[in-house]
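In what follows, a structure is listed as structure tokens, so that the remarks can point back to it.
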Amino acid sequence: MPKILIIAALRLLDPSGRILLVRKRQTTMFMQPGGKLEPGESPEAAVLREVHEELDLRLAPENVEFLGRWDGPAANEEDTEIVAYLFGATSNQAPRIQAEIEEMMWLDPDDAIRRNDIAPLLREYVLPPLLKS
């Protein structure tokens, strides 16, 4: 039986439509910023907290839009399934690497198919709608 992780993640786009991805320390896959919910924490509160901790971005709740829930395989943990609550936002602030983040990049969604270091949930569920727009 796989372990279940409940997370909240942020799809942050820049003005040219690139998506912000991060890679955490001691991992190999890039994913959207975000993380696990604390006990009793809502997905929206979790994504706001995680993005502040990881990238020093302070987003106002009214500027964050719920995009949906996706389930899929975890990128960096074996025998683990992810339940991901995805939010979207734009920000004029420049993200800064903090906390457990090792690396970040702005990815053109069209380049994702050429990369093998993108988390499965992101590649299979989140990026396809961006590629169609």
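The values are calculated or read from the model by the stated rules, or taken from the named source; none is laboratory data. The shown structure was predicted, so the numbers you read here are calculated from the model rather than taken from an experiment. Glycine also receives a Cβ, built like all others from the backbone with ideal geometry; neighbour counts cover every protein chain displayed.
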Could you pull out the residue among E62, E44 that is touching a helix residue (DSSP H, G or I) at 6+ places or on another chain (Cβ under 8 Å), outside any loop (DSSP other than H, G, I, E, B), at negative phi and of a type in the set (D, E)? E44
The stretch 84-96, subset in contact with a Leu (Cβ under 7 Å, 6 or more places away or on another chain) and modelled with pLDDT of 90 or more, residue surrounded by the fewest Cβ atoms within 10 Å (Cβ to Cβ): R96
All-but-one check, P128 against (1) buried (at least 18 other Cβ atoms within 10 Å of the Cβ); (2) without any contact (Cβ under 8 Å) to a residue 40 or more places away in the chain, failing number (1)
Could you pull out the residue among G72, G68 that is surrounded by 16 or more Cβ atoms within 10 Å (Cβ to Cβ) and either among the hydrophobic types (A, V, I, L, M, F, W, C) or assigned to a strand (DSSP E or B) (or both)? G72
